[in-house]
1. Express in Å², to the nearest 10, the accessible area of residue 52 obtained by rolling a 1.4 Å probe over the protein heavy atoms while all chains stay in place.
2. Could you tell me the calculated FRET efficiency between residue 132 and residue 93, based on Cβ-Cβ distance and R0 = 30 angstrom, to the nearest 0.05?
3. Suppose R0 equals 30 Å; then what is the FRET efficiency for residue 20 and residue 86 from their Cβ-Cβ distance, rounded to the nearest 0.05?
4. Per 10 Å bin, what percent of the C-alpha pairs of the range 38-109 does each bin hold, from zero upward?
5. Suppose the chain between residue 125 and residue 158 were pulled fully straight at 0.36 nm per residue; how much longer would it get relative to their current alpha carbon spacing?
6. Under the classification rounded if a/c is under 1.5, otherwise prolate if a/b is larger than b/c and oblate if not, where does the range 9-62 fall, given a ≥ b ≥ c as square roots of the Cα gyration tensor eigenvalues?
7. Report the rotationally averaged projected area of the range 7-140 based on its alpha-carbon convex hull, in square nanometres.
Amino acid sequence: MRELLFPEGVSLYAHDRREALAINLARQIAVWLGKALAEKQRALLAVAGGRTPVSCLEVLSKTTIDWPRVDVILTDERWVDDYHIDSHAGILKRYLLKNQASAASFIPMKTEHADPFEASAAVEEKLSALSWPIDVLVLGMGREGHTASLFPGAKGLQNAMTTGKKCAAIFVENLEHSKNSVTLKDEAPKDSTIT
């Protein structure tokens, strides 16, 4: 098998057991957030909302971190209400924003607007008020290989890959919900982990 080469600051953690991976990843996230909080007033944590990080989020929710100084955003959000089964915010509230992490500040990407395209300015304003760049980014990967909501061929993908804004609206023809996604900005997170 070919050796994988990662850019500087990107690490690969692999484990035979999902529980061990969740614990080790949560510990590493806590270390990175602690480093960020030692350097600035607030830290920015961006997490995927799918099934991939759920076990890590549960462990992280019980981890001792200066949570009142941590802002949490999603890497992407489906345009549904929090109580909907497909809501990433709902997943975050069930698995991360409880226990010790209930003191974190969550900034949702879903608004009362009809769709993410209509909500773009309002969401951009909320996200722009945060302490960028992202300090810790936890990505998941969809069945077809997408991350965040950056689907090949999606309406809004070109904008998401080139805009100077923090988020972009995405519509994928064969998916049920439109989405908001963080963009591919040149402000890379300080620490990245691939699991």
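The values are calculated or read from the model by the stated rules, or taken from the named source; none is laboratory data. The structure displayed is predicted, hence computed values, not measured ones. Cβ atoms come from the backbone with ideal geometry, glycine included; neighbour counts cover every protein chain shown. We work out accessible area using only protein heavy atoms, side chains counted, and drop any ligands, DNA or RNA first. Shrake-Rupley method; radii C 1.70, N 1.55, O 1.52, S 1.80 Å.
1. Rounded to the nearest 10, the figure is 70 Å².
2. Result of the calculation: an efficiency of 0.80.
3. 0.55
4. Percent of Cα pairs in each bin: 22, 54, 22, 2.
5. 9.8 nm
6. Judged from the Cα gyration tensor, the range 9-62 comes out prolate (a/c at least 1.5, a/b above b/c).
7. The Cα convex hull of the range 7-140, projected and averaged over all directions, gives 8.6 nm².
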